Amino acid sequence: MTNTSAFDAPLQIADDAVLIVIDVQQGFEDYEFWGPRDNPDAEDRIARILEAWQATGRPVVVVQHRSAAGPLVPGTPGYELKPVVAGAKRDLHITKTVNSAFYGTPDLHAWLQERGATQLVTVGIITNACNEVTARMGGNLGYDVVFPIDAMHGFDMAGPDGVTIPAAELSRSTAAALHHMRFAKVVTTEALLAAAQEQPDGQA
């Protein structure tokens, strides 16, 4: 678990903080398959964060999900990255078939360890699935995980009782669990970008 004092300290973004962009793929535009989404501004905020990371030379990891069926099958248009991510310079490109970016190829944890990285920022799709699972695993592995909740989105989902829970409510639940259990620092895009622009001496 993340050290409590460090977790509660003011947000600081390291010069080598790694941005992990998860599954920002065309297939998630298939709302007939996925259902209603929340946070229509997610892609714009992802673009702003990507721009800031590239402007400061911080590392970027792009993750792409490979499905055997559905809208994310390799070789189909849905598998391709959305334009907001497709042209981004990246330091590592991971493909995966499960929720966590830590169970993909190449091995994310090994790559982070080789770099000596300690802080991760996760954005992308789906908030309460691949994003949350990656953040939880990152926290368990000892990384300082930052989770800009408004730079991602999810979809309405039905529970085992058949009741559909709106995406925005699922997002709030994710934020509460990650924050309360100290898996990640849940922040806004504005707070993240402000912290990323701060210099070690406190001067912008």
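Miscellaneous remarks
- Look at the Cα gyration tensor of segment 72-120: its axes a ≥ b ≥ c give a/c of at least 1.5 with a/b at or below b/c, and that counts as oblate.
- For segment 158-175, the Karplus equation 6.51 cos²θ - 1.76 cosθ + 1.60, evaluated at θ = phi - 60°, returns couplings of 8, x, x, 8, x, 7, 7, 9, x, 4, 4, 5, 5, 4, 5, 5, 4, 4 Hz by residue, with Gly and Pro reported as x.
- Taking amide H positions as modeled 1.01 Å from N, with prolines and chain starts lacking one, the residues under 5 Å from THR95 and 5 or more places away or on another chain are GLN64, THR105.
- The helix-based estimate of mean residue ellipticity at 222 nm for the chain, built from -39,500 (n - 2.57) per DSSP H run of four or more residues and divided by its residue count, is -9000 deg cm²/dmol to the nearest 500.
- Rounded if a/c under 1.5, otherwise prolate or oblate - segment 1-79, Cα gyration tensor axes: prolate
- The alpha-carbon of LYS82 sits under 19 angstrom from the alpha-carbons of these aspartates and glutamates, leaving out residues fewer than 8 places away in its chain: ASP23, GLU29, ASP30, GLU32, ASP38, ASP41, GLU43, ASP44, GLU51, ASP91, ASP150.
- Cut-off under 5 Å, modelled amide H: who pairs with VAL145 long-range: LEU120, LYS185
- In percent, rounded to a whole number, the relative contact order of segment 4-194 is 26, using alpha-carbon pairs under 8 Å and six or more apart.
- Length gained when the stretch ALA86-ASP15 is fully extended (0.36 nm per residue, less Cα-Cα span): 23.2 nm
- Per-q log10 I(q)/I(0), the chain, q = 0.08 Å⁻¹ (Debye; single scatterer per alpha-carbon; no solvent): -0.25
- Rounded to whole numbers, the Karplus 3J(HN,Hα) couplings from phi for segment 92-104 are 8, 10, 10, 10, 9, 10, 10, 5, 6, 5, 7, 10, x Hz, using 6.51 cos²θ - 1.76 cosθ + 1.60 with θ = phi - 60°, and x at Gly and Pro.
Readers should treat all values here as calculations from the given coordinates under stated rules, not as data from a laboratory. Just so you know, these numbers come straight off a predicted model, no measurement behind them.
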